[in-house]
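Pasting a structure here, questions to come.
The values are calculated or read from the model by the stated rules, or taken from the named source; none is laboratory data. Worth saying up front: this structure is predicted, and the values here are computed from it rather than measured. Virtual Cβ from ideal backbone geometry, glycine too; neighbours counted across all protein chains shown. Quick note on the areas: whole protein, heavy atoms, side chains included, nothing else; ligands and nucleic acids left out. Shrake-Rupley method; radii C 1.70, N 1.55, O 1.52, S 1.80 Å.
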Amino acid sequence: MLAILQLPVLNDNYIYLLHDPVSGETAVVDPAVAQPVLDVLKQKGWQLTTILNTHHHADHVGGNLELKQKTGCTVIAPLSDQNRIPGIDRGVVDDDVITLGKHSARVISTPGHTSGHVVYHFTDDNTLFCGDTLFVMGCGRLFEGTAEQMWHSLQKLKALPASTQIYCAHEYTQANGRFALTVEPDNRKLQQRMEVINQLRANHLPTVPSTIKQELATNPFFREDSLALQETIKRVGKNPVEVFAEVRRLKDCF
């Protein structure tokens, strides 16, 4: 099995360390800063071989150069962002495959938050490292892409197996859930989930990972086909992209 360590850094970021105990290879996903990664590598006796970046924002690539300089690792990142990601060695595009020992991940292009965003789906390990495209009960702001692009990106993720574990890059869940309740106040699964999330945060515990199944039931950006949601935002029967765009607009103002 792929060992996954979750490192909380900065205000609300998560860095993920992935380790294959058979090959000894280790990857880090979206290293905002280097030192916490170096500390864990030393503690575990692991050698960093790969950096996986989802997009170019500084709180996802800030540790690239120091980690590369100190470990000699390879930086894998979106090809279209090759001029905006420090230290990139290999640019990847939709449907490329990257490997970590015998574990392989499919690259899925998910523009919307940024123009070049990608995510990494380790199919056999049933895990998705989705950066800022998908959050627990949320999705990324549309900084460089359109609502239509983000909607199509999320459709790709909705189609993954329901049991897929979602490892996103930020602890935004409580705020996302509070917003979700404004557009689906009678969603019982959402109400129940918020009770659990509030308890986790009260105990300073992470709400990540989630699963595709949980998001399908509670994430308003996965639920444009919900009649209750459409009624609340006054978009009954509208095009799904239009419904999604209105939910995104409302969240931006929340």
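Report, in deg cm²/dmol and to the nearest 500, the calculated mean residue ellipticity at 222 nm for the chain, where each DSSP H run with n ≥ 4 adds -39500 (n - 2.57) and the sum is divided by the residue count.
-10000 deg cm²/dmol
Moving on to the next point. Taking the Cα centre as origin and putting +1 on Lys and Arg beta-carbons and -1 on Asp and Glu beta-carbons, what dipole magnitude results for segment 4-153, to the nearest 20 debye?
Roughly 380 debye, rounded to the nearest 20.
Sequence neighbours fewer than 8 away in the same chain don't count; with that in mind, list the aspartates and glutamates whose C-alpha is under 18 Å from Lys42.
Asp20, Glu25, Glu66
Also, I was wondering about something else. Just the number please: accessible area per residue for segment 135-254, 1.4 Å probe, all protein chains included, in Å².
48 Å²
Treat every Asp and Glu Cβ in the chain as -1 and every Lys and Arg Cβ as +1, leave all other atoms uncharged, and give the resulting dipole magnitude about the Cα centre to the nearest 20 debye.
360 debye
Would you mind checking Lys158/Lys189; Lys68/Lys156; Lys70/Lys102; Lys189/Lys238; Lys158/Lys234 for any pair whose Cα atoms are more than 20 angstrom apart?
Cα-Cα > 20 Å for Lys68/Lys156; Lys70/Lys102; Lys189/Lys238; Lys158/Lys234; rest within.
Report the charge-dipole magnitude of segment 146-254 in Debye, nearest 20, computed about the Cα centre from +1 at each Lys and Arg Cβ and -1 at each Asp and Glu Cβ.
About 100 debye.
Positive end of the dipole of the chain, charges at C-beta (+1 Lys, Arg; -1 Asp, Glu), about the Cα centre: which of His19, Leu205, His60 has its Cα farthest in that direction?
Leu205
Per residue, how large is the accessible surface of segment 22-91? Use a 1.4 angstrom probe and give square angstrom.
44 Å²
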